[in-house]
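The structure appears right after this line, and notes come after that.
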Amino acid sequence: MVQIKIKGINKDYHVFVEFDDFDACLQELHHRLLQCSIFHTSALAVFFHLPKINDAQFLAILQVCEQCHIIMKGCNVETEKPRIKILQKTLGNGEHYHFHEPILLLGTIEQQAYVVSEASLYVLGNMYGSVDLLHAHCQLYVSAMQGNVRICDSRFQNLTSFSPAEVYYEHCTVKLKQLKEERMWERQLQ
């Protein structure tokens with residue numbers, strides 16, 4: 001499968017490329033770029049959006065551009081998205097945990113548990129312990145919590161939420177955002 005889309009966005013040409021056969025992709029790319037360059041008297045500047053490729057493949061694309069009198073204005077190469085590791089466990093009292101990747105925890109963080117994470121943490125369960133997220137871009141998503149949270153250079157804050165919540169970092173402080181307002185639950189009970 002080879003899919004090449006050429007779009008005009010903000011007076012610039014953008015080429016979106018997807019493939020599972022690189023040689024077929026090069027042939028199709030050469031054909032499509034040659035058709036575009038025929039209508040221009042000077043070299044055409046194009047911005048490329050490419051899947052993850054190696055150096056040899058990138059050089060081959062540059063050679064096709066040169067043959068078709070195309071100037072590569074820029075290139076956006078997909079990177080691997082971090083995978084979320086799923087952990088089905090209760091993090092017990094008095095235990096210390098250190099995570100290096102995003103974690104989806106199916107369980108509870110008990111009151112005396114201490115969790116340090118270098119990536120975002122998603123808890124489908126209750127959080128009663130302490131969570132220390134090391135970087136400003138890290139977030140904590142939790143079903144319910146009554147525990148301590150610190151993100152980046154902020155101080156530990158005792159947070160309580162009886163409904164799903166997002167905890168994030170903003171201007172050196174930890175912020176809590178309710179994902180389902182408690183007032184909605186109260187209205188449903190009446």
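Beta-bridge orientation, the chain: approximately 35 percent antiparallel, per DSSP, counting only bridges with both partners inside.
Here the Karplus relation 6.51 cos²θ - 1.76 cosθ + 1.60, evaluated at θ = phi - 60°, turns the backbone of segment 61-74 into coupling constants of 5, 4, 5, 4, 4, 5, 5, 9, 6, 10, 9, 7, 6, x Hz, with x for every Gly and Pro. Restricting segment 69-134 to trypsin sites (Lys or Arg not before Pro) that sit in a DSSP loop and have at most 15 other Cβ atoms within 10 Å of their own Cβ leaves Arg83, Lys89. Measuring from a point 7 Å past the Cα of Gln146 along Cα-to-C-beta, which residues in segment 123-140 have an amide N at less than 13 Å? Inside the label zone: 126-129.
If contacts are Cα pairs under 8 angstrom and at least 6 residues apart, what is the relative contact order of segment 47-160 in percent?
On the way: 258 pairs, mean separation 18.0, N = 114.
Over segment 47-160, the number comes to 16 percent.
Measuring only protein heavy atoms, the 1.4 Å probe finds Thr41 accessible over about 150 Å².
Site pair Leu106 and Phe16 shows an inter-label distance of 3.4 nm when each label is modelled 7 Å from Cα along Cα→Cβ. The residues of segment 85-178 expose on average 51 square angstrom of accessible surface per residue, using a 1.4 Å probe on protein heavy atoms. Within the chain, the longest run free of GluC sites (Glu not before Pro) that sit in a DSSP loop with at most 16 other Cβ atoms within 10 Å is 1-77. You can think of it this way: the chain between His135 and His31 has 32.8 nm of extra reach, that is 0.36 nm per residue less the Cα-Cα gap. Residues in segment 135-145 carry Karplus couplings, in order, of 10, 5, 7, 6, 9, 10, 10, 9, 5, 7, 8 Hz; the curve used is 6.51 cos²θ - 1.76 cosθ + 1.60 with θ = phi - 60°, and Gly or Pro positions show x. Its relative contact order, with pairs defined as Cα atoms under 8 Å and 6+ residues apart, puts the chain at 10 percent.
The values are calculated or read from the model by the stated rules, or taken from the named source; none is laboratory data. Values in this document were obtained by computation on a predicted structure and should not be read as measured data. All Cβ positions, even for glycine, are placed from backbone atoms using ideal geometry, and neighbour counts span all protein chains on display. We work out accessible area using only protein heavy atoms, side chains counted, and drop any ligands, DNA or RNA first. Shrake-Rupley method; radii C 1.70, N 1.55, O 1.52, S 1.80 Å.
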